[in-house]
Amino acid sequence: MVWDDYNHLLIYGKKGWNVLAEQNNQQKTQDLNQLLKVRYEKLEELQANNKNPFEITKYDVTHHSQEIKDNYATLEDKEVTIAGRMMFKRVMGKASFCNVQDLQGNIQAYVARDSIGEDVYKDFKKYDVGDIVGIKGVVFTTKTGEISIHANEVTLLSKSLQILPEKFHGLTDTDTRYRQRYVDLIMNKEVKDTFMKRSQIISSIRRFLDGQGFMEVETPMLVSNAGGAAARPFETHYNALDEDVKLRISLELYLKRLIVGGLERVYEIGRVFRNEGTDARHNPEFTLMELYQAYTDYHGMMDLTENMFRTVAQEVCGTTVVPYAEEMIDLGKPFERITMIDAVKKYAGVDFNEIATTEDAKKIAKEHHIEFEDRHVKGDILNLFFEEFVEEKLIQPTFVMDHPVEISPLTKRKPENPDYVERFELFIYGREMANAYSELNDPVDQRERFAAQEAAFAAGDDEANHTDEDFLNALSIGMPPTGGVGYGIDRLVMLLTNSPAIRDVLLFPTMKSLDK
């Protein structure tokens, strides 16, 4: 605040200050409009002189910035060609410096009039920060020791007609960053690093599973029955067939059909869509991976999951001990394994082995201030206890096993205790990272589970599954004993990039329209 502004506040009060602030905003808008006008005028001048950068169709790049720096010993005094966005320019009479940012980072270029020619240098001095340029020149080191390129050719490849955020403050407003990810990637190196690492994580997963004999497949996104998870689907209308259809909420039921068909190890990495709210861990559109393996069970899925997380962390991060928030997550040690009942007993002090009936469970829930619905039974209330008292305590990797059958409609029962199923969820930093089953392959039992889900839907559970007759037909043909697991890829990326929110690892997260 300058002194005149301070006096204005003292004399005219808050109302006067608001007027001054509005005047300042108007001045900033006028200044910005003038800067944009100048950029358009520069483009018009270039076009009038047959130098339209938008008519250039290709530019042969030989090297990137970091590649030059890493291989300086062999590239010194050699000619290279780079291309990228000019992020800084300092004109000093007959010679100038600029900084060019490309995929790998940035590198300095020394641009002298005597090296590139007077006319080209005259044009170069009019280039703006944000313009995309190509530079051909010789690699050298400045007197200050900075690896640079001595330009002998400079080409304007694209004219930037918009103003980048001011470099010192950068682009920090999160709403703008998410809406304009293209600017975020330009201004924030760590953001680009996150998304490059995301790609590396998915590639590492594929290498791991391919090495285990799995086959990558693709299944439908538009389905008549969106099953396989407890979530509300998005609905749309298929005009050509005059049918209402849904966007898938899971990959499960189609992948199991492939197990029936004899493809013994399959996986899919793809988008799924759930009509729910957004928060730090949820986005309505996200990336899910599911895999299914014949002739194994949920213990086999635990072993595979543990090995995959460990392998991917080592490949992508170079270590199995990764920082997340204030914790160090150790993926190198054996993951803890605990039943849901034992976890609730450990953290809530309630032993559901001693609770015989739903009425008893509801009584205990009231004593512990756990809210429940009339339709909930003992298994539902056990899960509510787990969510309230246990989840946030599971910081280091933990497999929580043996869920109640009521919340696991597609899972094989435990033979010795049919009220519970062979299922696990992997938790890290209090967050579910994976969900796995010994898959239910009994078509009669599956039909009964679907019927229970239909009843739950009728009672008000709009996330319940619906009966899928074709899937039941597939099970009737015969599905071998199978283990299956689903992974939230975005949450894994959050973990391995130390990102606090799911929007930080989605290139284009769901945002409310500015028009609304």
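In the range 300-329, which residues are among the hydrophobic types (A, V, I, L, M, F, W, C) and either farther than 15 Å from ILE201 by Cβ or in a strand (DSSP E or B) (or both)? Write out each step before concluding.
The initial filter retains those residues of the range 300-329 that are among the hydrophobic types (A, V, I, L, M, F, W, C), namely 301-302, 304, 308-309, 312-313, 316-317, 321-322, 325, 328-329.
Of everything in the range 300-329, those that are among the hydrophobic types (A, V, I, L, M, F, W, C) and either farther than 15 Å from ILE201 by Cβ or in a strand (DSSP E or B) (or both) turn out to be MET301, MET302, LEU304, VAL321, VAL322, ALA325, MET328, ILE329.
From LEU161, LEU156, which residue is surrounded by fewer than 16 Cβ atoms within 10 Å (Cβ to Cβ) and more than 18 Å from TYR487 (Cβ to Cβ)? Please lay out each step first, then the result.
Working: LEU156 fails: surrounded by fewer than 16 Cβ atoms within 10 Å (Cβ to Cβ).
Answer to the check: LEU161.
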Identify the single condition in (1) more than 31 Å from the chain's Cα centre (by Cα); (2) on the phi < 0 side of the Ramachandran plot that GLY478 does not satisfy, given that it satisfies every other one. (2)
Given the options GLU268, GLU276, name the one that is in a strand (DSSP E or B) and over 21 Å from LEU472 (Cα atoms). GLU268
Which residue pairs have Cβ atoms under 6 Å apart, sit 6 or more places apart or on different chains, and have a first residue in the range 284-311 that is in contact (Cβ under 8 Å) with a residue 24 or more places away in the chain and farther than 27 Å from LEU247 by Cα and a second that is of a type in the set (Phe, Trp, Tyr) and in a helix (DSSP H, G or I)? MET308/PHE208; THR311/PHE208
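Residue-by-condition table, conditions (1) buried (at least 19 other Cβ atoms within 10 Å of the Cβ); (2) under 20 Å from ARG274 (Cα atoms):
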{"site": "ARG177", "(1), (2)": "yes, no"}
{"site": "LEU185", "(1), (2)": "no, no"}
{"site": "GLN200", "(1), (2)": "no, no"}
{"site": "ARG207", "(1), (2)": "no, no"}
{"site": "MET215", "(1), (2)": "no, no"}
{"site": "LEU222", "(1), (2)": "no, yes"}
{"site": "ASN225", "(1), (2)": "no, yes"}
{"site": "ALA229", "(1), (2)": "yes, yes"}
{"site": "THR236", "(1), (2)": "no, yes"}
Looking at (1) at pLDDT 95 or above; (2) more than 24 Å from the chain's Cα centre (by Cα); (3) not in a strand (DSSP E or B), find the lone condition where GLN293 falls short. (3)
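Look through the range 221-253, keep the residues that are hydroxyl-bearing (Ser, Thr, Tyr) and part of a strand (DSSP E or B), and return whichever of them is nearest to the chain's Cα centre (by Cα). Steps first, answer last, please.
Within the range 221-253, the subset hydroxyl-bearing (Ser, Thr, Tyr) is 224, 236, 238, 250.
Narrowing the set further to residues that are part of a strand (DSSP E or B) leaves 236, 238.
On the way: THR236: 25, TYR238: 29 Å.
The residue in question is THR236.
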Only unsatisfied item for LEU164, checking (1) within 30 Å of MET494 (Cβ to Cβ); (2) assigned by TED's automatic domain parsing to the domain that holds GLN104; (3) among the aliphatic types (A, V, I, L, M), is (2)
So which residues in the range 304-326 are surrounded by 13 or more Cβ atoms within 10 Å (Cβ to Cβ) and among the charged types (D, E, K, R), if there are any at all? GLU306, ARG310, GLU315
Would you please list the contacts, defined by Cβ atoms under 6 Å and residues six or more apart or on different chains, that run from a residue in the range 162-183 that is within 24 Å of LEU103 (Cβ to Cβ) to a residue that is small (Gly, Ala, Ser) and modelled with pLDDT of 90 or more? LEU164/GLY130
(1) within 30 Å of ASN465 (Cα to Cα); (2) part of a helix (DSSP H, G or I); (3) over 22 Å from the mean Cα position of the chain (by Cα): which one isn't true of ILE205, the others all being true? (3)
So which of LEU492, LEU506 is among the aliphatic types (A, V, I, L, M), touching a residue at least 40 places away in the same chain (Cβ under 8 Å), within 27 Å of MET401 (Cα to Cα) and crowded, with 19+ Cβ neighbours inside 10 Å? LEU492
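Quick one: which strands (runs of 3 or more DSSP E) lie wholly within the range 352-452 and hold at least 3 residues that are assigned by TED's automatic domain parsing to the domain that holds THR467, in contact with a Gly (Cβ under 8 Å, 6 or more places away or on another chain) and buried (at least 21 other Cβ atoms within 10 Å of the Cβ)? Before you say what the answer is, go through the steps one by one.
Numbers: elements: 398-401, 417-421, 423-428, 431-438.
It comes to 431-438.
Give the range 332-380 a look and list any residue that's of a type in the set (Asp, Glu) and either under 30 Å from GLU315 (Cβ atoms) or touching a Cys at 6+ places or on another chain (Cβ under 9 Å) (or both), or say none.
Across the range 332-380, the qualifying residue is only GLU336.
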I'm trying to understand the selection: among the residues of the range 121-150, which are part of a strand (DSSP E or B), surrounded by fewer than 17 Cβ atoms within 10 Å (Cβ to Cβ) and of a type outside the set (Phe, Trp, Tyr)? THR141
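Limited to the range 133-151, what total is found for residues that are under 19 Å from SER65 (Cβ atoms) and free of Cβ contacts under 8 Å to residues at least 60 places away in the same chain?
First, pick out the residues of the range 133-151 that are under 19 Å from SER65 (Cβ atoms): 133-142, 144-151.
Next cut, free of Cβ contacts under 8 Å to residues at least 60 places away in the same chain only: 133, 135-137, 142, 144-146, 148, 150-151.
Residues that pass the stated criteria total 11.
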Taking the conditions exactly as written (in contact with a strand residue (DSSP E or B) (Cβ under 8 Å, 6 or more places away or on another chain), among the basic types (Lys, Arg), under 25 Å from ALA343 (Cβ atoms) and in contact (Cβ under 8 Å) with a residue 24 or more places away in the chain), does LYS378 satisfy them or not? yes
Could you check how many residues of the range 36-90 are β-branched (Val, Ile, Thr), surrounded by 13 or more Cβ atoms within 10 Å (Cβ to Cβ), out of contact with any His (no Cβ under 8 Å at 6 or more places or on another chain) and not in a helix (DSSP H, G or I)? 3
Kindly indicate the residue of the range 477-516 that is among the β-branched types (Val, Ile, Thr) and outside any loop (DSSP other than H, G, I, E, B) and also nearest to TYR295 (Cα to Cα) among those meeting that condition. THR482
Within 23 Å of GLN162 (Cα to Cα), of a type in the set (S, T, N, Q) and touching a helix residue (DSSP H, G or I) at 6+ places or on another chain (Cβ under 6 Å), is that true of ASN99? no
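The values are calculated or read from the model by the stated rules, or taken from the named source; none is laboratory data. Quick caveat: nothing in here was measured; it's all calculated off a predicted structure. When we count neighbours, we look across all protein chains shown, and the Cβ atoms used for this are built from the backbone with ideal geometry, even at glycine.
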